[in-house]
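Q: For reference, the structure I am asking about is given below.
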Amino acid sequence: MKETLLIKHAVGGRTFLDTDKQPVAYQWEQSGTGWRLIVHKLSKANIEQILTWKDELNLFLFQQVPGEPMKKIWFYIKEGQVMYDEAKEELTIEADSRIEYIPDTFSSLH
Amino acid sequence: MRYLVDLGWLRSGLSFSFGEYFDPENTAFGVMRVCNDDLVAGGKGFGPHPHSDMEIVTVVLRGQVKHEDNLGNAEVTKEGQVQRMSAGSGIIHAEYNASESEELQFLQLWFMPRARGGAPSYETSSYEPSQMVNHLLPVVSHTGSEQVASINQDLTIYLSRLERGNELSFHQEAGRRVFLFVIEGELEVSGHVMETRDTARIQNEPHLQLAAKEDTKYMLIDLP
């Protein structure tokens, strides 16, 4: 399975991180009733943008299994759930909930 | 000034930073974050995508927009109708031009909600276009009513069609803002002339005098 992590601005869709274009190490895991994402060694420019708009982020995982339609997982982030540890160069995002959807089969409209 | 985008299937006039247009000095007017004037080609539209913590209003000017979301809503909205989506803690939706051949034109407006994390919801409301002639007709407000969509923010969106030579006045309460959008026509606002697709952001003007230099359709938003 190929997985891509995207962090975008929820207002207008500017992309702050796309691991397809800018590979970085990350991991995500269940944390209580939510999920925790940790991203390592982001560039200073990435971090500045993410922290500037930390309360308005769209966080996605795109998962592509060969021969199957792409699955998108979108995470809902409450206020104050984006943290950066400068010493460790680690960005941590705590997500409260998530919605999975498959764009190819989502809509009966088109 | 608006930023113009032409993607072929979509032509947009952006009043605020959005997509490829980013100006850090133009990201909001009070709680208002987006005013996109979209023209969508037949059969085209926006595939499924998420929203959260935003009140999103679509005012259809011409044609019909199809909406579908993960809450199970699937509706077609046309001129004379308004759709309001409260994204709250998350909603996935898709929206397309309902026609394969006719263009769709709508205004999409985004506002920050009074409180974050609410339950997502969607509604459409219908208004009677004849009631906006020489009158400020509320079509969205925080209280809502039969012909007025309700929104999770202390604001009112009015539509109006002012016939040539007619005037209206609007009282702006202290600390409030007014966003004006001339959909079509020519409007004189307290001595300033606005033409088709002109916008104005107004503060500290308690008395607004709106005069139609020609038949004019416009939108006025009273917001915090």
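Q: Would you check which residues across the stretch A:1-20 are without any contact (Cβ under 8 Å) to a residue 24 or more places away in the chain and over 14 Å from the mean Cα position of the chain (by Cα) and list them?
A: A:Gly12
Q: Out of the residues in the stretch B:56-89 meeting the condition of being β-branched (Val, Ile, Thr) and either more than 13 Å from the chain's Cα centre (by Cα) or within 13 Å of chain A (Cβ to nearest Cβ) (or both), tell me which one is surrounded by the most Cβ atoms within 10 Å (Cβ to Cβ). Spell out how you get there, then give the answer.
A: In the first step, residues of the stretch B:56-89 are kept if they are β-branched (Val, Ile, Thr); the result is B:56-60, B:65, B:76-77, B:82.
Imposing the further condition that a residue be either more than 13 Å from the chain's Cα centre (by Cα) or within 13 Å of chain A (Cβ to nearest Cβ) (or both) reduces the set to B:56, B:65, B:76-77.
On the way: B:Ile56: 20, B:Val65: 26, B:Val76: 15, B:Thr77: 23.
Among those residues, the one meeting the criterion is B:Val65.
Q: Taking the condition of being without any contact (Cβ under 8 Å) to a residue 24 or more places away in the chain and under 17 Å from B:Asp154 (Cα atoms), how many residues in the stretch B:101-139 meet it?
A: Filtering the stretch B:101-139 down to residues without any contact (Cβ under 8 Å) to a residue 24 or more places away in the chain leaves B:130-131, B:137-138.
Okay, now just the ones that are also under 17 Å from B:Asp154 (Cα atoms), so B:137-138.
Of the residues in the stretch B:101-139, 2 are without any contact (Cβ under 8 Å) to a residue 24 or more places away in the chain and under 17 Å from B:Asp154 (Cα atoms).
Q: Restricting to strands (runs of 3 or more DSSP E) lying wholly in the stretch B:171-224: which have 1 or more residues that are surrounded by 14 or more Cβ atoms within 10 Å (Cβ to Cβ) and among the acidic types (Asp, Glu)?
A: Details: elements: B:177-184, B:186-189, B:192-195, B:199-203, B:207-212, B:216-223.
So the answer is B:177-184, B:186-189, B:216-223.
Q: Still on this structure: (1) touching an Asp or Glu at 6+ places or on another chain (Cβ under 8 Å); (2) outside the structural domain of B:Ser17 (by TED's automatic domain parsing); (3) touching a residue at least 24 places away in the same chain (Cβ under 8 Å): which one isn't true of B:Gln147, the others all being true?
A: Result: B:Gln147 fails condition (3) only.
Q: Within the stretch B:94-106, can you find the residues that are surrounded by fewer than 24 Cβ atoms within 10 Å (Cβ to Cβ), assigned to a strand (DSSP E or B) and either within 12 Å of chain A (Cβ to nearest Cβ) or in contact with a helix residue (DSSP H, G or I) (Cβ under 9 Å, 6 or more places away or on another chain) (or both)?
A: Step one: filter the stretch B:94-106 for residues surrounded by fewer than 24 Cβ atoms within 10 Å (Cβ to Cβ), giving B:94, B:96, B:98-103, B:105.
Narrowing further to those that are assigned to a strand (DSSP E or B): B:94, B:96, B:105.
Answer for the stretch B:94-106, where residues must be surrounded by fewer than 24 Cβ atoms within 10 Å (Cβ to Cβ), assigned to a strand (DSSP E or B) and either within 12 Å of chain A (Cβ to nearest Cβ) or in contact with a helix residue (DSSP H, G or I) (Cβ under 9 Å, 6 or more places away or on another chain) (or both): B:Ala94, B:Tyr96.
Q: Output the number of the condition that B:Arg114 fails; it satisfies all remaining conditions of (1) touching a strand residue (DSSP E or B) at 6+ places or on another chain (Cβ under 8 Å); (2) at pLDDT 95 or above.
A: (1)
Q: Of the residues that make up the stretch B:177-184, is at least one under 17 Å from B:Gln83 (Cα atoms), outside the structural domain of B:Ser89 (by TED's automatic domain parsing) and not charged (D, E, K, R)?
A: no
Q: Of all residues in the stretch B:111-150, which are of a type outside the set (A, V, I, L, M, F, W, C), crowded, with 18+ Cβ neighbours inside 10 Å and assigned to a strand (DSSP E or B)?
A: Once the filter is applied, which keeps residues that are of a type outside the set (A, V, I, L, M, F, W, C), crowded, with 18+ Cβ neighbours inside 10 Å and assigned to a strand (DSSP E or B), the stretch B:111-150 yields B:Tyr122, B:Thr124, B:Ser125, B:Pro138, B:Ser141.
Q: Taking the stretch A:83-110 as the region of interest, how many residues are within 12 Å of another protein chain (Cβ to nearest Cβ) and free of Cβ contacts under 8 Å to residues at least 24 places away in the same chain? Outline the logic, then answer.
A: If we filter the stretch A:83-110 for residues that are within 12 Å of another protein chain (Cβ to nearest Cβ), which is where we start, we get A:95-110.
If we keep only those that are free of Cβ contacts under 8 Å to residues at least 24 places away in the same chain as well, we get A:106-110.
Residues in the stretch A:83-110 being within 12 Å of another protein chain (Cβ to nearest Cβ) and free of Cβ contacts under 8 Å to residues at least 24 places away in the same chain: 5 in total.
Q: Oh, and also: List every residue pair whose Cβ atoms lie under 7 Å apart, where the two residues are 6 or more positions apart in sequence or sit on different chains, the first residue falls within the stretch B:16-37 and is in contact (Cβ under 8 Å) with a residue 40 or more places away in the chain, and the second residue, located anywhere, is assigned to a loop (DSSP other than H, G, I, E, B) and of a type in the set (Lys, Arg).
A: Taking only residues 6 or more apart or on different chains, the pairs are B:Asp37/B:Arg197.
Q: Moving on. Name the residue that is surrounded by the fewest Cβ atoms within 10 Å (Cβ to Cβ), counting only residues in the stretch A:1-30 that are small (Gly, Ala, Ser) and within 14 Å of chain B (Cβ to nearest Cβ).
A: Kept after step one, since they are small (Gly, Ala, Ser), are these residues of the stretch A:1-30: A:10, A:12-13, A:25.
Imposing the further condition that a residue be within 14 Å of chain B (Cβ to nearest Cβ) reduces the set to A:10, A:12-13.
Values: A:Ala10: 21, A:Gly12: 20, A:Gly13: 12.
Per the criteria, the residue is A:Gly13.
Q: Let me ask you something else. Anything in the stretch A:65-82 that is more than 14 Å from chain B (Cβ to nearest Cβ) and either without any contact (Cβ under 8 Å) to a residue 12 or more places away in the chain or of a type outside the set (A, V, I, L, M, F, W, C) (or both)? List them, or say none.
A: A:Pro66, A:Gly67, A:Glu68
The values are calculated or read from the model by the stated rules, or taken from the named source; none is laboratory data. All of these numbers come straight from a predicted model, not from anything done at the bench. Cβ sites come from the backbone with ideal geometry, for glycine too, and all protein chains shown count toward neighbours.
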